[in-house]
1. Quick one: compute a quarter of the convex hull surface over the Cα atoms of segment 205-324 and quote it in nm².
2. Would you mind computing, in nm to one decimal, how far apart the modelled labels at residue 376 and residue 63 are, each placed 7 Å from Cα along Cα→Cβ?
3. Which one, 230, 339, 160, is farthest towards the positive end of the dipole of the chain when Lys and Arg carry +1 and Asp and Glu -1 on their Cβ?
4. Once you have a ≥ b ≥ c as the square roots of the Cα gyration tensor eigenvalues for segment 341-388, tell me rounded if a/c is under 1.5, and otherwise prolate or oblate according to whether a/b is larger than b/c.
5. What is the distance, in nm, between label points placed 7 Å from the Cα along the Cα-to-Cβ direction at residue 386 and at residue 307?
6. Which one, 391, 377, 441, is farthest towards the positive end of the dipole of segment 303-444 when Lys and Arg carry +1 and Asp and Glu -1 on their Cβ?
7. Among 422, 209, 199, flag the residue with its Cα farthest along the positive direction of the charge dipole of the chain, charges on Cβ as +1 for Lys/Arg and -1 for Asp/Glu.
8. Here are several values of percent of Cα pairs over 44 Å apart: (i) 17; (ii) 6; (iii) 11. Which one was derived from the coordinates shown?
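The values are calculated or read from the model by the stated rules, or taken from the named source; none is laboratory data. Every value quoted in this text rests on a predicted model; they were computed, and no experiment measured them. We place every Cβ from the backbone using ideal geometry, glycine too, and count neighbours over all the protein chains shown. Surface areas here come from the heavy atoms of the whole protein model, side chains and all, with no ligands, DNA or RNA. Shrake-Rupley method; radii C 1.70, N 1.55, O 1.52, S 1.80 Å.
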Amino acid sequence: MLIANEIDVKAGTRVGRVMAAIRQRISGRTLAPGAKLPSIRGFAKIMAVSTSTVVEAYDRLTAEGLIQSRPGSGFFVAGHLPPLVLAEIGLRLDRAIDPFWVSRQSLEAGDDTLKPGCGWLPASWMPQAELRRSLRQLTRAADATLADYGTPLGLLALRQHLSRRMTERGIQSSPDQIMLTESGTQAIDLLCRFLIEPGDTVLVDDPCYFNFLALLRAHRVKVVGVPYTPTGPDVDLFAAALTEHRPRLYITNSALHNPTGATLSPVTAHRLLKLAEQSGLTIIEDDIFSDFEPEPAPRLSAFDGLDRVIHIGSFSKTLSAAARCGFIAARRDWIDGLIDLKIATSFGGNPISAELVLSILKDGTYRKHINGLRDRLSRSMGEVNRKLQTLGVTPWIEPRGGMFLWCMLPEGLDAADVARRALAENVVLAPGNVFSVSQTAARFLRFNVAQSSDPRIFSVLETVIHGEGRRSRGVR
């Protein structure tokens, strides 16, 4: 499914829809200055309108100066590129199914807003005392740590620590195969710059973490979703997608999948790696939820030995989202190219965040903190699950750990409508189609159990669900 070529189906008149589709392709960089537009007959077929409708739309866009007519050759994009507007690339339906909707509502929320749809722990769940202690220690750090750029690879002592942590999960990675980043998101962005070009095809899970979709939109690639099962992607459909679309890259979570909470099985992992080898596919394994696992699940990078699998992680979910610190573990020859990209895009590393993270990781307090988090999340998972089921909201699976419950609403309800109505009551939910390439998760919501303790959430849900249920049955 090509996200960058979706169409605004709510653009009013037929002529308006055609004009909106062309504007969208231009703003989304699918059509660059000088590029030829689809033929009138061909675009009429794509849009399911008459050729006269496309002729009128093209004439109006020509009058606006957005496109030019070249007699005998067709129509071409004129002028300069407009600013890239990511929210306009792709399906412009209601913001409730836009990949930016949940993030913006959650990040901009006031203190009175409840956020069961967000993707992080409450600040009160983080090791505040340890963070403050480490910050005090940093005031005594060397002048260079406080004032200079960090090295592109990042703090050696932290990379050595990360290498030992990965070995515990069966991932063999020396410190010189690890590059620190400012977040897991920056890690994926750098890897996309390194591995793919605009127009390439990338596979993702369906559903998948919605910011994967947002990042891939920014890189102007074709995105193909593969249905996700409780043991990983559907391998048969994965193989079919490889044959049909010939993707360059696959991005996934292998442990405690976001949003479903599922865990990759060893059998699925081996079959995926065999298919990847046969097709020359590179895999990015996003492992930011690994510390929430009660027992380590299979890792693609462990089976693969960091050959065609790249392993990334961060401490935003478990330690502090304010101290931006992530990492990439990859082949040595790839790390060298990534260093150049990091210098070009952010110059040096972030030594203050790296020192802060290392000081907490190395003294044993982090392990104690994580053990407490797992227990707390486990209790919350059970409590939230029971409360949701009394409302008729049922989990797709019961995860073995982590913070997410992927839940189905009662028959006849649309999660986007439920989310809009809940937002009016200062409750931010995460509707399923935010995560779905194919837009087939309209009945699903993702709940963050750590953010779902307030009874008001369930009161609002009960009111909204019952109200939406009556409307779907035509009851006033």
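1. Spelled out: convex hull of the Cα atoms, projected over all directions, averaged, 7.5 nm².
2. It is 6.2 nm.
3. Among 230, 339, 160, the one farthest towards the positive end of the dipole of the chain is 230.
4. Here segment 341-388 falls in the oblate category.
5. Placing both labels 7 Å along Cα→Cβ, they lie 4.9 nm apart.
6. Most positive-ward Cα: 377.
7. 422
8. So the structure-derived entry is (i).
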